[in-house]
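Trainee: Pasting a structure below so you can have a look.
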Amino acid sequence: MGKIDTRVDTKTKTNADGSITKTVTTTITEHHDDGSTSTKTKVETFTENIPVGGGSGSGGKGSKGGKSGAVSSGQAAEQMKNAERVKNTTDRKFIQEALEEHNKLRAKHGIGPVSVDEDLNNVAQAWANRLLQKGKMEHSTNGFGENVFWASGGSINGAKPCQAWYSEIKDFDFNRIDHTPGTGHFTQLLWKSSTKIGIALASGKAGHFVVANYNPPGNFLGQYPQNIYPPKR
């Protein structure tokens, strides 16, 4: 394999609630031995550092795994291999609720179902536990697609985070079927090529932290038309 060039551009905005919205554009250019080049561009919009203390929020790379999409396949595989894993301790009912909600929402758009992957469940649990310890929303670097969600006290079911991610549909431009800022959770949830998911919940004094990991990851520029469809009529 030839030389690989990586360029990352980050735009940051501080919101009124103190959270930070970042738009990260990663461009990977591979120079092949035959003199040709190939380029992949990944755009991620996510919210982090959502204050703990009230309300709820979702933050994610729309596909954090979008990160892995922005790197070479070898790099992505290495990230996935080295991702932290712990035994998933999330109630199976919660996981089933999240799975069913994913597939219900995907079906609205004529997109096939996802299935639960136990290894991804363990990856998601490791990061959910870490978020609970930190008491804030951040994103991992494990190479998989990722959506994250936080809610304060009270009960929570597996459908609620999915509904929050899907609510970004109101901002998605179906006339162009391309990256639309602030809709990464929605598009990762629907992404047709993502067929495996892992779900985890970690709860404590800091609230409820939910992580969904996806494989293969989604949200690649130039691939939206074949992966995101408008709602069926």
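The values are calculated or read from the model by the stated rules, or taken from the named source; none is laboratory data. Predicted, not measured: the structure shown is a model, and the values here were computed from it. Here the Cβ is made from the backbone with ideal geometry for all residues, glycine too, and neighbour counts use every protein chain on show.
Trainee: Any residue at all in the range 92-105 that's among the basic types (Lys, Arg), farther than 19 Å from His208 by Cα, under 17 Å from the mean Cα position of the chain (by Cα) and at pLDDT 95 or above?
Mentor: In the first step, residues of the range 92-105 are kept if they are among the basic types (Lys, Arg); the result is 92-93, 104.
Okay, now just the ones that are also farther than 19 Å from His208 by Cα, so 104.
Within this subset, residues satisfying the condition of being under 17 Å from the mean Cα position of the chain (by Cα) are none.
No: the range 92-105 contains no residue that is among the basic types (Lys, Arg), farther than 19 Å from His208 by Cα, under 17 Å from the mean Cα position of the chain (by Cα) and at pLDDT 95 or above.
Trainee: Looking at the range 102-113, I want the residues that are under 18 Å from Ile199 (Cβ atoms) and have a partner that is polar (S, T, N, Q) with Cβ atoms under 6 Å, at least 6 apart or on another chain. Which pairs are those?
Mentor: Short answer, once both residue conditions are applied: Pro113/Asn103.
Trainee: Here are Gly154, Gly110: which of them is closer than 21 Å to Asn227 by Cβ and surrounded by fewer than 16 Cβ atoms within 10 Å (Cβ to Cβ)?
Mentor: None of the others qualify; the one that does is Gly110.
Trainee: Here's a check for you: in the range 127-151, which residue that is crowded, with 24+ Cβ neighbours inside 10 Å, part of a strand (DSSP E or B) and not charged (D, E, K, R) is modelled with the lowest pLDDT?
Mentor: In this case the residue turns out to be Gly145.
Trainee: Could you tell me whether any residue of the range 110-126 is assigned to a helix (DSSP H, G or I), at pLDDT below 95 and in contact with a Lys or Arg (Cβ under 6 Å, 6 or more places away or on another chain)?
Mentor: No; the residues of the range 110-126 include none that is assigned to a helix (DSSP H, G or I), at pLDDT below 95 and in contact with a Lys or Arg (Cβ under 6 Å, 6 or more places away or on another chain).
Trainee: Okay, next question. Conditions: (1) surrounded by fewer than 22 Cβ atoms within 10 Å (Cβ to Cβ); (2) touching a Phe, Trp or Tyr at 6+ places or on another chain (Cβ under 8 Å). Gln223 meets all but one. Number of the miss?
Mentor: In the conditions (1) surrounded by fewer than 22 Cβ atoms within 10 Å (Cβ to Cβ); (2) touching a Phe, Trp or Tyr at 6+ places or on another chain (Cβ under 8 Å), Gln223 misses (2) alone.
Trainee: Condition (residue is under 13 Å from the mean Cα position of the chain (by Cα), at pLDDT 95 or above, buried (at least 21 other Cβ atoms within 10 Å of the Cβ) and not in a helix (DSSP H, G or I)) applied to the range 175-196: is it met by at least one residue?
Mentor: Yes, the range 175-196 contains a residue that is under 13 Å from the mean Cα position of the chain (by Cα), at pLDDT 95 or above, buried (at least 21 other Cβ atoms within 10 Å of the Cβ) and not in a helix (DSSP H, G or I).
Let's see how each residue does on (1) charged (D, E, K, R); (2) in contact (Cβ under 8 Å) with a residue 40 or more places away in the chain; (3) under 30 Å from Glu78 (Cα atoms):
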{"residue": "Gly145", "(1), (2), (3)": "no, yes, yes"}
{"residue": "Asp173", "(1), (2), (3)": "yes, no, no"}
{"residue": "His185", "(1), (2), (3)": "no, yes, yes"}
{"residue": "Ser193", "(1), (2), (3)": "no, no, yes"}
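Trainee: If you don't mind, another one. Hey, could you check the range 207-222 for residues that are farther than 17 Å from Val116 by Cβ, in a strand (DSSP E or B) and of a type outside the set (Gly, Ala, Ser) and say which is farthest from the chain's Cα centre (by Cα)?
Mentor: Checking each candidate, the answer is His208.
Trainee: If you scan the range 74-101, which residues turn out to be in a helix (DSSP H, G or I), more than 30 Å from Ile4 (Cβ to Cβ) and touching a residue at least 60 places away in the same chain (Cβ under 8 Å)?
Mentor: Passing the criteria: Lys93, Phe94, Ile95, Gln96, Glu97, Ala98, Leu99, Glu101.
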